[in-house]
Amino acid sequence: MNRTRVAIASLIRPHLRAAEPYQPVQSLEALSAEIGIPVDRIAKLDANENPYGPSPQVLAKLAGYRGFHRYPDPIHDDLRAALGAYWGAAPERIVLGAGADELIDLICRLFLGPEDEVIDLVPTFGMYRFSTEIAGAVYRPVRRRADFSVDVAAVRPALTPRTKLIWVAAPNNPTGTPLDPADAEALAALGVPLVIDEAYAEFSGVTFRALAERLEHVMLLRTFSKWAGLAGLRIGYGLFPPAVAEALLTIKPPYNVNVAAAVAARAALEDADHRERTVAAILAERGRLVGTLAASPYLRPIPSAANFVFCSVVGASARALRDALRRRGVLVRYYDTPLLENAIRVSVGRPEDTDQLAAALAAVRPEEVDA
Ligand SMILES: Cc1ncc(COP(=O)(O)O)c(C=O)c1O
């Protein structure tokens, strides 16, 4: 036997060999080259980003910062203090991550072993499943109701002594559905660690902080990707009971949040005016977007508490509609899965993005989108 040859792929842990990759959206540059439309003429409404970008104060702070040659503070003391003040929470309960995504992964690493079970209220954000499966735990999806509200009665029979976590996004992605406070209480009353993901809370104006303060097993996640326009810098945070926060700080990679992200987040927190104006602009534009979508014969938008709108597609193929819009420089996300049949999700853009979408929808020919 040739000892110098190793079948290296066979050494990958079995549960990781079969893992499904997360489906990211295509880069704007690659897409621009493919469809022949310059980047600045594309209405990018497919990733729930903030179309206005960060506050000018954030950009000025980054431009003037002189410490990029130094490693970041692993404990993020200053930023946790600033977040504590912003959120009215004790800084020692706050942990930062490279996006809320990294916190989802760290929570899985902290709580889950093989055979532990995780309940997810589907359809929802894909990272809960992704990180659960990467951690080697057992993923137990529980379907939401037809209107995408949480069905707590359906969760109860899915609980077992091995259930270690329940994920719930509030509002939910991709449907925009808010979490009813009574359902949040009922989920918490199940007595299993509950993570409420408030990535879009600045748009819904609803937080479950009081619940998390009252009950040790309720944890919250937040992000700077949406309201603060910092998706590309990757910074999010969570509110945890002190013992969990300490454990997360212990197991996280020491320099998980880079210096630029920390500087930008700090400056974003200081510019409350910008936050209020941006959120107000997005909420106002969401109203126009819903009107534009509802005016299309193919789309049935549903109410949203977030910065995007989910629509069933009727009398047309969602995928073909996505492609037809894409050819006209408008990017939306489409779904065609058993849980989300023939649907699209459209992020709220600037007024000119909504105008471009309206023009593209009006120009789509029926033969382009045949179901
Ligand atoms: C519900 C939800 N949670 C978390 C995230 C990820 O946030 P971040 O960019 O901070 O990783 C998203 C991003 O789309 C999301 O929709």
Out of curiosity, is Thr292 hydroxyl-bearing (Ser, Thr, Tyr) and under 23 Å from the mean Cα position of the chain (by Cα)?
no
Search the stretch 206-245 for residues being aromatic (Phe, Trp, Tyr) and within 14 Å of the ligand (Cβ to nearest atom), and hand back the single one that is farthest from the chain's Cα centre (by Cα).
Phe208
Filter pass, Asp151 being farther than 23 Å from Val95 by Cβ, more than 16 Å from the ligand (Cβ to nearest atom), surrounded by fewer than 17 Cβ atoms within 10 Å (Cβ to Cβ) and assigned by TED's automatic domain parsing to the domain that holds Gly88:
yes
Of these, Val142, Val118, which one is in contact with a strand residue (DSSP E or B) (Cβ under 7 Å, 6 or more places away or on another chain), at pLDDT 95 or above, in the same structural domain as Ser204 (by TED's automatic domain parsing) and away from the ligand (no atom under 16 Å from the Cβ)?
Val142
Need a quick list: helices (runs of 4 or more DSSP H) entirely within the stretch 231-348 having at least 3 residues that are touching a strand residue (DSSP E or B) at 6+ places or on another chain (Cβ under 8 Å).
242-251, 272-294, 318-327
Which residue, of Ile37, Ile107, is surrounded by 16 or more Cβ atoms within 10 Å (Cβ to Cβ) and more than 23 Å from the chain's Cα centre (by Cα)?
Ile37
Some residue of the stretch 59-82 being of a type in the set (Lys, Arg) and within 30 Å of Ile344 (Cα to Cα):
no
Checking the structure you have, find out if any residue of the stretch 254-263 is out of contact with any Leu (no Cβ under 7 Å at 6 or more places or on another chain), within 16 Å of the ligand (Cβ to nearest atom) and assigned by TED's automatic domain parsing to the domain that holds Lys61.
yes
Does the stretch 73-92 include one or more residues that are within 16 Å of the ligand (Cβ to nearest atom), in the same structural domain as Leu220 (by TED's automatic domain parsing) and at pLDDT 95 or above?
yes
Given the conditions (1) more than 16 Å from the ligand (Cβ to nearest atom); (2) closer than 15 Å to Asp120 by Cα, and given that Asn173 satisfies all but one, which numbered condition is not satisfied?
(1)
Which numbered condition Asp73 fails, given (1) surrounded by 15 or more Cβ atoms within 10 Å (Cβ to Cβ); (2) in a helix (DSSP H, G or I)
(2)
Looking only at the stretch 242-249, decide whether some residue is surrounded by 23 or more Cβ atoms within 10 Å (Cβ to Cβ) and outside the structural domain of Thr354 (by TED's automatic domain parsing).
no
Pair list, Cβ < 6 Å and 6+ apart or interchain, from the stretch 93-122 residues that are under 17 Å from Ile196 (Cβ atoms) and touching a residue at least 60 places away in the same chain (Cβ under 8 Å) to residues that are within 13 Å of the ligand (Cβ to nearest atom) and aliphatic (A, V, I, L, M):
Gly97/Leu103; Ala100/Ala199; Ala100/Leu221; Asp101/Met127; Leu103/Leu221; Ile104/Met127
Sole residue being touching a Cys at 6+ places or on another chain (Cβ under 9 Å), modelled with pLDDT of 95 or more, farther than 24 Å from Gly64 by Cβ and away from the ligand (no atom under 15 Å from the Cβ), chosen from Leu293, Leu248, Leu283
Leu293
Report whether or not Arg140 is buried (at least 17 other Cβ atoms within 10 Å of the Cβ), over 25 Å from Leu248 (Cβ atoms) and basic (Lys, Arg).
no
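The values are calculated or read from the model by the stated rules, or taken from the named source; none is laboratory data. Bear in mind that the values here come from a model prediction, so they are computed numbers and not experimental data. Cβ coordinates were reconstructed from backbone atoms using ideal geometry, including for glycine residues, and neighbour counts include every protein chain displayed.
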